[in-house]
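The values are calculated or read from the model by the stated rules, or taken from the named source; none is laboratory data. The shown structure was predicted, so the numbers you read here are calculated from the model rather than taken from an experiment. Positions of Cβ are generated from backbone atoms using ideal geometry, with glycine treated the same way; all protein chains shown enter the neighbour counts.
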Amino acid sequence: MDKAKWGRYFDLDALNGYEFEEFVARLLRMMGYEDVQVTQRTGDKGKDIIAYSNHGKPFKYKVIVECKHTKSVGRPVIQKLQGALLHELGDDPYIKGIIVTSGKFTKEAIEYTEEINKKHGSWMEIELIDGKKLYELCKKHGIKIVSGNIQVVSDITFKHLPKEEVKKRTIGELETIKGIEKTTYQVKTWKSYYPYYCVRYSVHSQVCTKVGCIYEVNVDDELLFVDGVTGKVLDNLPHGFFKFSPENLTKIPEDEKNLIRPFNFSVDELEQKVIDSIINKYTKEVVYRGKNNVEYRKVCSPKKKDILIKESCPIYLPQYTNSIKIQEANYNQSIVANEMDIFKISDDLAFCKVCGKTVPIGERYVCPVCGKILGPCHVIFDYLDGTPVCPDHAIPRKLYLQTIYFASKENLEKFNNMWATMSEWERITTDTTLMKVLIVIGFVILLYLIKILGGLF
C-alpha cells in the first residue's frame, strides 16, 4: 500500500451538524468534562450536549452545550441557551452553558453574554468558543488540526456495490420473513465511508519454563480492522472479505467526500489499540506439569516485541445503514460491501423481539399488528389462515377446552359466524383438545369393558 498516494487531511467544513456535535463531545471529554452525552437529534431545546464538571467550584455542576457549525452566531442563540439553562437549573446552586461554533460570534452576542455573566455569574455563566479558540483547544488537548483541518490520513476505499443494489438485496431478504406480505414496511438506505485502521501483522512468540516451551504462537499476514470512531476491533468480518490489492482499491469520488466520517483517534492511539487487541487475542491460560510432576497454570501472552506490524493504513470501508420500519417497529442494519457481496456488521432483524435470541434467516416471522420479529418459539398462528402474530397481539378465543388465536378481529368474527352455524358434533371435533380427552376416555372405557366381558367367559 503506497502511503504517498493517500490524502492526509479532512476539511472541518465537510462535517455535518451532527458530526460536529460528536467532535465537540470528544473535545470536552479530553478537556476533563464528565458524563458527556450528545442529546437526541431532534427537539434538543438548545442543549446539544449535556456534561458535568467541578472546575472552579467545590461541587459538581451541570454544563449545557450548544453547537453551531455556522459562519456566524448571533444574540438569539445566546438567549435560547439562557432559557435552556434556566430550565435545567432546578434547585442546583450553579449551572454553566457553552456555545461552540466553527465560525464567529457577532458583537451583539458577545456583549449580551458579558451582560449575563456580570449579572448572574454567581449561579449561571455562559462561555463562548469560536473557531479560533476551538483550534487552540484542539491543539492543547492533542487533537491534530492543521490550518483548520482535522487529520484523516486517507481518501482510499474498497470498490463496492452501489446503494441501489444493497437496498435491493435488503428488500429481497426482508421478503423471506414469514408474514411480511401482510405488513407495511419501508426501507431507507444511507451510504457513508466509515473510518477503519487496517493492519497486516505477524506474531512469533514463545513462552518457556524449566520444562521447555509451553506455549507458542506463529501467525503470518493476519489482517485486523480497528474502528476509527469507537476504537473497537471489527472481529466478525469474514476472512478475505476485503482484499488489499490495487484492483480492489479506489479513491473516494469528489462528489461523495461529504459522506466521509472522520477519525476520532490519532494514529498513535489506533496503533496502541491494535497492539492491545493482538495481545488479547493470543493470550491463553496454559496448564502444564513441572519436573516435580506438579500441575501448574500460567497465563501466556505475546509481548509487544513479538508482534511485527508489516503494514498499516487508515482506510474507509464502504458502509451502508438501513433504517427499516415494519408497521410501528423500527430496525437498523449496518452493512459493509465489496464488489460482489455484503456483510452485516449489526442487524436488528436477526433477533426475536420476545426473548432476544438470534433467529436464522428462513425461521423469522413478523407480527402484522406491531411489526415485531419473532422466532419459532414465540410465534402464534392465526387459526383460520395461519398468519403469524406475537403473543401481545394474538386474540384468544376459548372453545370447550382448547384456546385458539387470531391475528385480527375480522378473522375472529368470521370464526364466530362459522361457530354459530356448526352442529354440536362439529363443534366438538373442532376442539382438538376436547377430542383428545374424549378419545382417551373412550379408550379407557373400552379397556374396562373388555376386562368385564372377559371375566364372564
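Tally time: how many residues in the range 236-273 are of a type in the set (Val, Ile, Thr) and touching a Phe, Trp or Tyr at 6+ places or on another chain (Cβ under 7 Å)? Please lay out each step first, then the result.
Of the residues in the range 236-273, the ones of a type in the set (Val, Ile, Thr) are 250, 252, 260, 267.
With the extra rule that they be touching a Phe, Trp or Tyr at 6+ places or on another chain (Cβ under 7 Å), the set shrinks to 252, 260.
So the count comes out to 2.
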Top-ranked residue in the range 242-261 [being part of a loop (DSSP other than H, G, I, E, B) and modelled with pLDDT of 90 or more; ranked as surrounded by the fewest Cβ atoms within 10 Å (Cβ to Cβ)]:
Pro253
Of the residues that make up the range 47-54, is at least one over 29 Å from Glu269 (Cα atoms), at pLDDT 90 or above and either surrounded by 14 or more Cβ atoms within 10 Å (Cβ to Cβ) or among the hydrophobic types (A, V, I, L, M, F, W, C) (or both)?
no
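Scan Thr70, Thr106, Thr101 and give me the residue that is polar (S, T, N, Q), over 18 Å from Ile50 (Cβ atoms) and more than 36 Å from the chain's Cα centre (by Cα).
Thr106
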Within the range 342-352, track down each residue that is modelled with pLDDT under 95 and either polar (S, T, N, Q) or assigned to a loop (DSSP other than H, G, I, E, B) (or both).
Ser346
Condition first: touching a residue at least 24 places away in the same chain (Cβ under 8 Å), among the small types (Gly, Ala, Ser) and under 20 Å from Ile380 (Cβ atoms). Can you find one or more residues in the range 397-408 that meet it?
yes
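Could you tell me which residue of the range 307-341 is farthest from His204 (Cα to Cα), considering only residues that are in a loop (DSSP other than H, G, I, E, B) and of a type in the set (S, T, N, Q)?
From the range 307-341, those in a loop (DSSP other than H, G, I, E, B) are 327-328, 338-341; that's our starting set.
Restricting the remaining residues to those that are of a type in the set (S, T, N, Q) gives 327, 338.
Working: Gln327: 54, Asn338: 31 Å.
Among those residues, the one meeting the criterion is Gln327.
Return the residue satisfying two criteria in turn: it lies in the range 109-124 and is under 29 Å from Asn16 (Cα atoms) and surrounded by fewer than 18 Cβ atoms within 10 Å (Cβ to Cβ), and of such residues it is farthest from the chain's Cα centre (by Cα).
Quick first cut of the range 109-124, residues under 29 Å from Asn16 (Cα atoms) only: 109-113.
With the extra rule that they be surrounded by fewer than 18 Cβ atoms within 10 Å (Cβ to Cβ), the set shrinks to 110-111.
Numbers: Ile110: 40, Glu111: 43 Å.
In this case the residue turns out to be Glu111.
Being without any contact (Cβ under 8 Å) to a residue 24 or more places away in the chain and out of contact with any His (no Cβ under 9 Å at 6 or more places or on another chain) is true for just one of Val233, Val226, Val294, Val274. Which residue is that?
Numbers: Val233 fails: without any contact (Cβ under 8 Å) to a residue 24 or more places away in the chain; Val226 fails: without any contact (Cβ under 8 Å) to a residue 24 or more places away in the chain; Val274 fails: without any contact (Cβ under 8 Å) to a residue 24 or more places away in the chain.
After ruling out the rest, the residue left standing is Val294.
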Among the candidates Glu271, Glu285, which residue alone is surrounded by fewer than 17 Cβ atoms within 10 Å (Cβ to Cβ) and assigned to a helix (DSSP H, G or I)?
Glu271
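Here's the yes/no breakdown for (1) among the acidic types (Asp, Glu); (2) over 22 Å from the mean Cα position of the chain (by Cα); (3) more than 18 Å from Gly179 (Cα to Cα):
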| position | (1), (2), (3) |
| --- | --- |
| Tyr331 | no, no, no |
| Lys344 | no, no, yes |
| Asp347 | yes, no, yes |
| Val359 | no, no, no |
| Cys367 | no, yes, no |
Looking at (1) at pLDDT below 95; (2) out of contact with any Asp or Glu (no Cβ under 7 Å at 6 or more places or on another chain), find the lone condition where Ile361 falls short.
(2)
Return the residues of the range 161-190 that are buried (at least 17 other Cβ atoms within 10 Å of the Cβ), in a strand (DSSP E or B) and under 19 Å from the mean Cα position of the chain (by Cα); say none if nothing qualifies.
Thr189
Test each condition in (1) at pLDDT below 90; (2) at positive phi; (3) not charged (D, E, K, R) for Leu270 and report the one that comes out false.
(2)
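Right, Asn293: assigned to a loop (DSSP other than H, G, I, E, B) and over 27 Å from Phe343 (Cα atoms) or not?
Working: assigned to a loop (DSSP other than H, G, I, E, B): yes; over 27 Å from Phe343 (Cα atoms): yes.
Yes; evaluated as a whole, the condition is true for this residue.
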Being of a type in the set (Asp, Glu), touching a residue at least 24 places away in the same chain (Cβ under 8 Å) and surrounded by fewer than 16 Cβ atoms within 10 Å (Cβ to Cβ) narrows Glu339, Glu413 down to just Glu339
